[in-house]
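Colleague: To start, I am sharing the structure in question, which I have written as structure tokens.
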């Protein structure tokens, strides 16, 4: 502690010695303690997050789209995952085996629920035919994936129409010309004929009942 001499009013005499003000020291001490506590809290949270390892499923080898997953296709890895990242827990492995890859799966990739499916389109004996139609050739209420429809094609040079029972797989957005591409799932035997008729632009889509 520093001291300074306080001169007496009487010349040449020193009456007493008093310490210099030390108000800054308590404030600095409080700030130092607060920073230390904050650093400890941050370190504890980082350690806690890093220590939370969750067993998840990752791909052990490449699996192409449409192929069924086998037990040797996936493996379990313990890792810290962000809750915003969709992943599959190791406990779900038995439920994954036998499902089909909805996309091309690459070895080492984290497996997500949306990447596997129970059914795959098109199924054996089916084909997907893209049909470009105008909005006026669709029901005003619109159509959606899974809807059962009838694609009615008017044969050129005649008044005859040919109906194709189909199921909607996907519905695209209108392009620059206002055309909407609808992917229709039909029996393989009708696919070629429907594709030719769709190329002529003489098709209207009729929505069937959505009730089972």
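Colleague: So between residue 179 and residue 141, what do we pick up on full extension, going 0.36 nm a residue minus the alpha carbon distance?
Modeller: Values: separation 38, 0.36 × 38 = 13.68 nm, distance 1.66 nm.
Net length gain for the segment: 12.0 nm.
Colleague: Once both labels are modelled 7 Å past Cα along the beta-carbon direction, what's the residue 110-residue 61 spacing in nm?
Modeller: Here the answer is 2.5 nm between the modelled labels.
Colleague: How much length is gained on full extension from residue 100 to residue 171, taking 0.36 nm per residue of separation minus their Cα-Cα distance?
Modeller: Numbers: separation 71, 0.36 × 71 = 25.56 nm, distance 2.26 nm.
Full extension of this stretch gives 23.3 nm more.
Colleague: Apply the Kirkwood formula to region 82-166: the hydrodynamic radius equals the inverse of the mean of 1/r over all pairs of different alpha-carbon atoms; give it in Å with one decimal. Mind dumping the intermediate values first?
Modeller: On the way: mean 1/r = 0.0584 Å⁻¹.
Answer for region 82-166: a Kirkwood hydrodynamic radius of 17.1 Å.
Colleague: Could you pull out which residues in region 173-200 have an amide N less than 20 Å from a spot 7 Å beyond the Cα of residue 207, following the Cα-Cβ vector?
Modeller: Once the point is set 7 Å along Cα→Cβ of residue 207, 173-175, 179-186 turn out to lie under 20 Å by backbone N, inside region 173-200.
Colleague: Could you tell me the distance between the Cα centroids of region 57-117 and region 159-212, to the nearest Å?
Modeller: Each part reduced to its Cα centre gives a spacing of 34 Å.
Any read-out appearing in this document is the output of simple, stated calculations on the displayed coordinates, not a laboratory observation. Quantities reported herein were computed from a predicted structural model and do not represent experimental measurements. Cβ atoms come from the backbone with ideal geometry, glycine included; neighbour counts cover every protein chain shown.
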